[in-house]
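First comes the structure, then the notes that go with it.
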Amino acid sequence: MRTIIEDLRYGLRLLRKSPGFTIVAVLTLALGIGANTAIYTLLDQALLRSLPVKEPSRLVVLQFSGDDTGSTHARGDSQIVFSYPMYRDLRDHNSVFSGLIATSWAQVGVQWHNQPDLADAELVSGNYFDVLGLQPALGRFLVASDDLAENANPLTILSFNYWQRRFGSDPKIVNQSISINGHPFTVIGVTPPGFHSVVGGDNPAVFVSMTMKPEITPDWNDLEERRSRWLNIVARFKPGLTRAQGQAGIDQLWHSIRADELKQLGRSSQTFRDAFLTNSHLFLDDGSKGVPVHGTVPTTLLIVMGMAALMALMSCTNVASLLLVRVARRTREISVRYALGAQRRRLVQQLLAEGLLLGLAGGAIGIFLAPQIAAVLTRTIWGAGHSQFAFSPYSDLRILAFNFGLALVVSVMFSLAPALQFRRPDLTQTLKQQSAVIAGCSIYLRRATVAAQIALSLLLLVGAGLFVRTLRNLKTLDVGFTTDHLVTFTVDPKLAGYEDTQTLAFYQQILEMLSSLPGVQSAAATNDPELANNNWGNNITIAGYRPADGDHMNIEWARVSPGYFSTMKTPQLAGREVEPSDRVGTHKVAVVNESFARRYFGRPQNALGHYFCAGAGNVTPDIEIVGVVKDARHTTVREDVRRTVFTPYLQDPQMGPVYRFGLTFYVRTWQDPKAAQSTIRSAMQALDSKLVLDAFRTMQEQVEDNLSDERVIAFLATSFGVLAALLAAIGIYGVLAYSTAQRTREIGIRVAMGASRIDVIRTVLSEVARLAAIGLAAGLPLCVVLARAIRDQLFGVSNYDPLTLGAVCVVMLAVAFVSAALPARRAAKVDPMVALRYE
């Protein structure tokens, strides 16, 4: 132990004597380890970590195959949502599960002490917490008897995080009443810390029993509607039951239930029977990580993870290059120690101590930085609140151990290089030399590490260039309407307790109030907001049009207020837009987009006067097309334009299910929209203080949010690329500085024999040119492979974009030659007399 302590002290003194080397090596390791730890922490939670519940390995998520009829409301795969009657049938008649739970996401207005708050909610079956095996942090959980009769038990459970944030961790909140959607609910408990939801990534504020759905989604009950699929089902296997036994046992029940449903549908064609029953199966997917509904999260994290892995490899390569240069500088010192009788074991122990110190310092700083980097990533990717995703920036022991071990392995491995070089040392030859004798393999290894750094830097910079160009192309894309001076927010009066019969008049009151505000040019509303990842589709029948085989008639259908297109500044191509006179009882009208008009009528003007209606079969088209507007990007900036119809929301006799998330309002201002936000918010609160305003932002912020994935990837790719180029520059400088120092006598002799300074500089730069050429030659094929792998993430950029490849190659050559400038300058200033007396 004493010897080890002495070695550590000696290693610490040596590192303190070389502060430049120590700082660069430690920070390089820290950045690489910190970035990887942060990325892997988020990826682990998104894809790999099991739910914090009892025996998660026994949980399965139910998914079916085959056709179905009716309506579907799904955030993820439509094949993992079921009707509530189907859930009851599976729960009550199966023989393979110890319990089945149902869950569905909703958004609610929560009021406490007259302060409204828009919050995520989870509708759950009464056995939800019991089947998961959870214990409350406070109070009690819902039980099966709380979930028997519709609207009978207005009870709620608070999530632990929401209890802390909104209620200040007050234990007295239990058994008190809070308002949810304008209705009183009694708080009966708080979830345990660490548990968020059985749906992976969700972070609800409140949990409410499934039978309270009429109060939670007042426009859309469907609790007893068998043809409406909207909830996810998670089941727990009985103890000792295998997956195969469970699958066999559930198949029979599934086909029995589907056969009964087929009889109720009254459809007897063999084709439908095969699709609905014969070819339909219920699958039991792994549920240990929860219900997978957030498909975009893993995609973004996987791309970022790949960049972080390259950055870690770059950091390790850079540290390896620095250590190899340091090893070469110490060759003479090590030879002298051998000559004085040092044992090989003691030498290895000393070198090991130095590597451990570097690895410990780099790993410790990297792990300290990791939570900060993870928090920044979470805020950047999902916003400052990131309430939708329940990710923690803190790593578990597995990830910390792996990354810490990586730092130690890199440092120790290359610190022991001298011991490998001196397995059979020729001390006489070494000590006779006036400079260190470097084995051929050593200089080749150092050059190889520099070439590898150039190749990896090229790869990261090309990725950055492709993502930056993609982001630029999307930002400059014409979305079809004017985004500046436009404020948007969503209001659902039913979250404040309004009845269906009151909402239409209230929406009109909001529009009139907004239009009268100072600095407001116009105001409009829709149930289908722009660039909000939102769609409202419907099948239609067009008078006189017979669809060809395979021609689907499902189109985007938005309800809009009068003046919607003038407020959005969407160009009118033909006819008129929706007017205030288009109300209930008047002739039904619609405006269609250019894609709709060209697809069905050839030219925009030809669409005017034609009729269509919702549905298919025995229906009568009764909606006249009175206008055509220019195509606009709707769901996302990246997505292709869909065929769309716009109908006046004032012609809807009731505010039905298509309005169940309220209306989104757009306010066109004369002044800066940021300055108008406070005026609009104050006016809305004066109208009714119970209203909850959702997504209050400018339209340009909405576009930025729509491009959040692209922005994050471009930002991180650029950051990693710049850092990689900097590390490559450090590596090139280190190798050339050492190589130039080793050739001091040679350079002095050449200068003494008449070589000019330009000749000396050319000699140094020729070496870096060779290294750069090798690195670029190795990196370009990798760049082509990278571009093909990420082509689905690109927009308006080819896989083999010559502009990006050429620009990045020029940048890397510039980095290489700038890094070589100082060693070349030093070489050119060598004094022949000093050089001949070198060492």
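The values are calculated or read from the model by the stated rules, or taken from the named source; none is laboratory data. Computed from a prediction, not measured in an experiment: that's the story for all the values here. Please note: Cβ atoms are built from the backbone with ideal geometry, for glycine as well, and neighbour counts cover all protein chains shown. The accessibility values were calculated without ligands, DNA or RNA, using every heavy atom of the protein model including side chains. Shrake-Rupley method; radii C 1.70, N 1.55, O 1.52, S 1.80 Å.
Mean sequence separation of contacting Cα pairs (under 8 Å, at least six apart), scaled by the length of the chain, corresponds to a relative contact order of 16 percent. Note on the chain: with neighbouring protein chains present and a 1.4 Å probe, carbon and sulfur make up 57 percent of its accessible heavy-atom surface.
Could you give the alpha-carbon Rg of the range 73-117 over 2.2 N^0.38 Å, rounded to two decimals?
On the way: Rg = 16.1 Å, N = 45, 2.2 N^0.38 = 9.3 Å.
Its radius of gyration relative to the 2.2 N^0.38 Å reference: 1.72.
Taking the empirical scaling 2.2 N^0.38 Å for compact globular proteins as reference, the range 144-285 has a Cα radius of gyration ratio of 1.38. Backbone geometry of the range 592-601 corresponds, through the Karplus equation with coefficients 6.51, -1.76 and 1.60 at θ = phi - 60°, to 3J(HN,Hα) couplings of 10, 8, 4, 4, 4, 5, 5, 5, 9, 10 Hz, x marking Gly and Pro. Computed over the alpha carbons of the range 754-821, Rg followed by Dmax gives 16.3, 59 Å. A crude spin-label estimate for the pair Ser57 and Asp170, with each label 7 Å from Cα along the Cβ direction, gives 4.5 nm.
Here is the link list: Lys213/Lys690; Lys238/Lys263; Lys569/Lys674. Which ones come out longer than 26 Å on Cα distance?
Working: Lys213/Lys690 21 Å; Lys238/Lys263 32 Å; Lys569/Lys674 19 Å.
Beyond 26 Å: Lys238/Lys263.
Using just the alpha carbons, could you tell me how many Å³ per residue the convex hull of the range 245-296 encloses? Don't jump to the answer; show the numbers that get you there.
Numbers: hull volume 6.0 nm³, N = 52.
Hull volume normalised by residue count: 115 Å³.
Can you give the translational diffusion coefficient of the range 458-595 in µm²/s, computed by Stokes-Einstein from the Kirkwood radius over Cα pairs at 25 °C and 0.890 mPa s? Can you show the working numbers first?
Values: Rh = 18.7 Å.
My calculation gives 131 µm²/s for D.
Each residue was assigned an accessible area with a 1.4 Å probe, and for Glu215 the value is about 40 Å². In terms of the Cα gyration tensor, with a ≥ b ≥ c the square roots of its eigenvalues, is the range 76-229 rounded because a/c is under 1.5, prolate because a/b exceeds b/c, or oblate? Prolate is the answer for the range 76-229, as a/c is 1.5 or above and a/b outweighs b/c.
Starting from the residue with the highest accessible area, list Phe283, Phe185, Phe368, Phe715 in decreasing order, probe 1.4 Å. Intermediate values should be presented prior to the final figure.
Details: Phe283 90, Phe185 0, Phe368 140, Phe715 115 Å².
Output order, biggest surface exposure first: Phe368, Phe715, Phe283, Phe185.
Estimated from the Cβ-Cβ distance and a Förster radius of 35 angstrom, the FRET efficiency linking Gln509 and Ser78 is about 0.40.
Which value does Rg/Rh take for the range 190-251 over its C-alpha atoms, Rh per Kirkwood?
Details: Rg = 16.0 Å, Rh = 15.1 Å.
Reported Rg/Rh, Kirkwood definition of Rh: 1.06.
Note on Lys569: accessible area is roughly 90 Å² with a 1.4 Å probe, heavy atoms of protein only. Amide hydrogen proximity for Ala525: with H placed 1.01 Å from N in the peptide plane, the residues at 5 or more positions away or on another chain lying under 5 Å are Ser561, Tyr666. In terms of accessible area, using a 1.4 Å probe and ignoring ligands and nucleic acids, Ser457, Ser95 rank largest first as Ser95, Ser457. Convex hull volume of the Cα atoms of the range 45-166, normalised per residue: 169 Å³. Using θ = phi - 60° in the Karplus curve 6.51 cos²θ - 1.76 cosθ + 1.60, the 3J(HN,Hα) couplings for the range 101-117 round to 10, 10, 8, 8, 7, 8, 10, 9, x, 10, 10, 8, 6, 6, 10, x, 8 Hz; x is entered for Gly and Pro. Please report, to one decimal in angstroms, the Kirkwood hydrodynamic radius of the chain built from all distinct Cα-Cα pairs. Answer for the chain: a Kirkwood hydrodynamic radius of 31.7 Å.
Extension gain, Ser581 to Ala309: 0.36 nm times the residue separation minus the Cα-Cα distance gives 91.8 nm.
Helix 397-415 axis versus longest C-alpha principal axis of the chain: approximately 20°, rounded to the nearest ten.
Beta-bridge orientation, the chain: approximately 75 percent antiparallel, per DSSP, counting only bridges with both partners inside. Could you tell me the center-to-center distance, by alpha carbons, between the range 224-283 and the range 765-815 in angstrom? So the two Cα centres are separated by 52 Å. For the pair Glu746 and Ser18, a Förster radius of 30 Å applied to the C-beta separation gives a FRET efficiency near 0.75, rounded to the nearest 0.05.
Short-range pairs are left out: with C-alpha atoms under 8 Å and at least six residues apart, the relative contact order of the range 556-654 is 41 percent.
Given a Förster radius of 45 Å and the C-beta distance between Leu302 and Met753 as r, what FRET efficiency does 1/(1 + (r/R0)^6) yield to the nearest 0.05? Each step should come with its number before you reach the end.
Working: r = 59 Å, r/R0 = 1.31.
FRET efficiency, Leu302 to Met753: 0.15.
In order along the range 509-520, the Karplus-derived 3J(HN,Hα) couplings, from 6.51 cos²θ - 1.76 cosθ + 1.60 at θ = phi - 60°, round to 5, 5, 4, 5, 5, 5, 5, 8, 5, x, x, 9 Hz, and Gly and Pro are given as x. Counting charges near Ser595 (Lys, Arg +1; Asp, Glu -1) among other residues having Cβ under 11 Å from its Cβ returns a value of +1.
Spin-label model, Arg346 to Arg9: label points 7 Å out along the Cα-to-beta-carbon direction sit 1.5 nm apart.
With each label modelled as a point 7 angstrom along the Cα→C-beta vector, the Val818-Gln247 pair spans 5.8 nm.
Solvent exposure of the chain, expressed per residue, is 43 Å² of accessible area, with all protein chains present and a 1.4 angstrom probe.
Keeping all protein chains in place and using 1.4 angstrom, which order do Ser57, Ser719 fall into by accessible surface area, from largest down? Can you show the working numbers first?
Numbers: Ser57 90, Ser719 50 Å².
If we order Ser57, Ser719 from most to least accessible, we get Ser57, Ser719.
Per the Kirkwood formula on distinct C-alpha pairs, the Rh of the range 33-73 is how many angstrom? All intermediate terms of the calculation are to be shown ahead of the outcome.
Numbers: mean 1/r = 0.0718 Å⁻¹.
About 13.9 Å for the range 33-73.
Once backbone amide H atoms are built at 1.01 Å from N, Gly126 has Met210 as its partners under 5 Å, excluding neighbours fewer than 5 places away on the same chain.
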